[in-house]
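Each reported figure results from applying straightforward, stated rules to the coordinates on display, with no laboratory input. Only a predicted model underlies this, so the values are computations on that prediction, with no experimental measurement involved. Here the Cβ positions follow ideal geometry from the backbone for every residue, glycine too, while neighbour counts run over all protein chains shown.
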Amino acid sequence: MSSTFRWICESTDGLARAGTLHTAHGPVQTPTFMPVGTAGTVKAMTMDAVRSTGAGIVLGNTYHLMLRPGAERVKQLGGLHKFMDWSGPILTDSGGFQVMSLGALRKLDQDGVTFQSHIDGSKHRLDPQRSTDIQHALDATITMCFDECPALPAAPEAIAASMRMSMRWAARSREAFIQREGYGQFGIVQGGTEPELRAESVKALTDIGFEGYAIGGLAVGEGQELMFSTLDVTTPLMPNDKPRYLMGVGTPDDLLGSVMRGVDMFDCVMPTRAGRTARAYTERGHINLRNARFALDARPLSPHCDCLACTRHSRAYLHHLFRADEILGPMLLTWHNLAYYQRLMRGIRAAIVDGTLSAHAEHLRAEWQAGDW
Ligand SMILES: Cc1cccc2c(=O)nc(N)[nH]c12
Ligand SMILES: [Zn+2]
């Protein structure tokens with residue numbers, strides 16, 4: 001059986017797609033949510049716990065891993081899969097976004113970015129070649145192009161200049177990419193919320209040719225309405241037979257609306273970050289477990305969940321753990337939130353296969369609106 005990197009579409013419902021992404025590290029059903037494993041760990045989770053949630057693919061970060069422990073060291077230790085005990089596919093982001101978003105002391109030029117580590121102030125350089133080399137050293141299943149994600153709001157000419165620089169960097173990233181059976185590289189569409197710039201960026205990337213295409217430059221404070229309207233003019237221009245990955249998104253409602261606009265892959269720190277800050281996601285929206293109303297609430301977080309927090313513990317116990325600042329609190333709640341996100345994606349996928357996504361979407365939104373049990 002060929003292990004060529006490819007995405008097979010199995011069902012559609014409107015613009016939504018259900019498919020399977022085949023990679024050197026196994027298949028992943030889409031739509032899929034990728035837990036963020038920034039520095040080689042999905043924070044507060046063992047990889048057995050991540051596997052138990054049904055996650056198929058996880059994310060790593062070039063920026064964090066190049067600074068600590070260092071990409072060459074990870075390579076020497078057998079690559080990121082072995083290092084973090086995850087045999088499934090790993091997608092690594094290319095680092096430029098993290099340099100900007102971490103506000104590291106940096107100097108951007110037309111060829112790349114020079115910055116100081118937020119850890120020890122040491123000087124580093126990232127450009128398309130270096131970023132691609134690092135992702136190769138990490139043995140990433142999916143390598144992301146080195147790009148710039150401009151801060152919004154910004155003048156259209158600034159967005160245009162940034163996008164065109166990212167397209168030049170995409171070409172250099174592709175040249176630096178070492179083709180291997182079952183491995184892929186994704187281009188990243190930029191262009192802010194400007195339809196013409198998004199179209200220009202899609203064309204530039206498809207002219208180069210990638211195994212998949214990401215939509216970057218969103219989830220940077222533009223708001224859901226502008227994000228959705230940008231997707232409306234972007235996904236229809238993207239190749240139908242390649243996976244589409246919306247970077248950094250999002251809430252459960254963002255995921256639903258984006259799948260319905262033709263997106264297949266997602267990553268977001270929301271469920272894991274929320275797990276550390278006592279915010280629990282459930283079928284009825286979200287709740288903050290530090291709230292005193294949970295002190296005597298003996299019910300599980302969600303009656304629909306098979307995670308450890310829901311099958312073995314009560315809301316009152318989780319409330320206690322967060323009030324007592326116990327490490328087990330973030331562990332259990334991260335586990336629950338990731339289990340919820342995976343259950344949400346499985347339910348959406350099943351509805352696409354059944355051709356009932358519109359009704360399922362109405363049901364999900366009504367439940368989120370209904371408020372906690
Ligand atoms: C992680 C992430 C979120 C949001 C946007 C982006 C982006 O535009 N480019 C990259 N490389 N990563 C992003
Ligand atoms: Zn749970």
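Descriptive notes on the structure:
- Qualifying position, being farther than 25 Å from residue 21 by Cα, surrounded by fewer than 20 Cβ atoms within 10 Å (Cβ to Cβ) and in contact with a strand residue (DSSP E or B) (Cβ under 6 Å, 6 or more places away or on another chain), among 284, 312, 279: 279
- Among the residues making up segment 42-62, those that are over 16 Å from residue 309 (Cα atoms), in contact with a strand residue (DSSP E or B) (Cβ under 7 Å, 6 or more places away or on another chain) and either in contact (Cβ under 8 Å) with a residue 60 or more places away in the chain or part of a strand (DSSP E or B) (or both) are 42, 57, 58, 59, 60, 61, 62.
- Positions within segment 271-295 being farther than 19 Å from residue 321 by Cα and away from ligand 2 (no atom under 16 Å from the Cβ), in sequence order: none
- Looking across segment 11-36, the residues that are more than 15 Å from the chain's Cα centre (by Cα) and of a type in the set (A, V, I, L, M) come down to 15, 16, 18, 21, 24.
- Residue 323 more than 16 Å from ligand 1 (Cβ to nearest atom), under 22 Å from residue 268 (Cα atoms), surrounded by fewer than 18 Cβ atoms within 10 Å (Cβ to Cβ) and not β-branched (Val, Ile, Thr): no
- Sole residue being in contact (Cβ under 8 Å) with a residue 60 or more places away in the chain and out of contact with any Ser or Thr (no Cβ under 7 Å at 6 or more places or on another chain), chosen from 275, 257, 212, 262: 212
- Residues that are assigned to a strand (DSSP E or B) and β-branched (Val, Ile, Thr) were ranked within segment 266-295; the one that is farthest from residue 60 (Cα to Cα) is 287.
- Residues (in contact with a Pro (Cβ under 9 Å, 6 or more places away or on another chain) and farther than 11 Å from residue 18 by Cα) located in segment 340-365: 340, 341, 342, 344, 364
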